[in-house]
Amino acid sequence: MYNKELVRALDAISYETKLGKNLKNTLRKVDKEDLISELKEYRLFIKKRRKLLMEMTYRIKSLQSINIKYSRYYPSKEIGACFNDILGIRVIIENYNIDLDHHNIKHVDMVNGKKNDDGYRDYHIYYKKSNYHYPIEVQFFTRRDYEFNMWLYKYVYKYKDNKIGIKLKELYDENIINNEDEFKEALKIVLYISEGI
């Protein structure tokens, strides 16, 4: 999808809050029931515009996940920052030469890892039409990083030890891990070694 087309699609599926406050306000500044009700409406808004997302892989955050996020970040997180991923779009790309220069886009580069590295790699953008619109998250992955990230999510995140993901990423980058079965075998070895330390 071309950059202008992506921005046009994001603009068309941007949801404006009806809470009467901009989304830079913290969670404590709005009634929880009103906010959750609005997020249900936002989810419905997206579902009604599925045709605009036809060429994209996406997910809409579940109500359970929304409630968990609310509980985790209440009272001090900004509404827009807490719910910046109600709509998450995934795009597989050839390389990480992301050329999206637009005043409504914030870039988050995790190509070389997160601040607290755990092996996960990608490039995010957040599109926000205004402070009265919920941000939309777009994740860009190379096919290789997408595959590895899915295995991390499926098998590793429950361990909560970032060193495990980092070691597996090293093995993946060295082509010692080439498929999901090899990933699972390497994970057993890495877990065994990490328990012995």
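The values are calculated or read from the model by the stated rules, or taken from the named source; none is laboratory data. Worth saying up front: this structure is predicted, and the values here are computed from it rather than measured. Quick reminder, even Gly has a Cβ in these numbers, built from the backbone with ideal geometry, and neighbours come from all protein chains shown.
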(request) Could you grab me the full set of residues in the stretch 8-46 that are under 20 Å from the mean Cα position of the chain (by Cα), among the basic types (K, R) and farther than 25 Å from L100 by Cα? (result) K40, R43
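Matching residues to (1) farther than 30 Å from E38 by Cβ; (2) modelled with pLDDT of 95 or more:
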| site | (1), (2) |
| --- | --- |
| L100 | no, no |
| H107 | no, no |
| I136 | no, yes |
| F148 | yes, yes |
| W151 | yes, yes |
| K169 | yes, yes |
| I176 | yes, yes |
| E180 | yes, yes |
| F183 | yes, yes |
(message) Within the stretch 55-86, take every residue that is over 19 Å from the mean Cα position of the chain (by Cα) and not small (G, A, S) and give me the one that is surrounded by the fewest Cβ atoms within 10 Å (Cβ to Cβ).
(response) P75
(message) For the condition over 18 Å from K61 (Cα atoms), over 18 Å from the mean Cα position of the chain (by Cα) and free of Cβ contacts under 8 Å to residues at least 40 places away in the same chain, what is the one hit in D145, D161?
(response) D161
(request) Would you please name the residue that is farthest from E182 (Cα to Cα), looking only at residues in the stretch 148-158 that are within 17 Å of the chain's Cα centre (by Cα) and surrounded by fewer than 16 Cβ atoms within 10 Å (Cβ to Cβ)? (result) Y157
(message) Please go through the stretch 149-177 and give me each residue that is assigned to a loop (DSSP other than H, G, I, E, B), in contact with a helix residue (DSSP H, G or I) (Cβ under 8 Å, 6 or more places away or on another chain) and farther than 14 Å from Y120 by Cβ, ordered by number.
(response) I176, I177
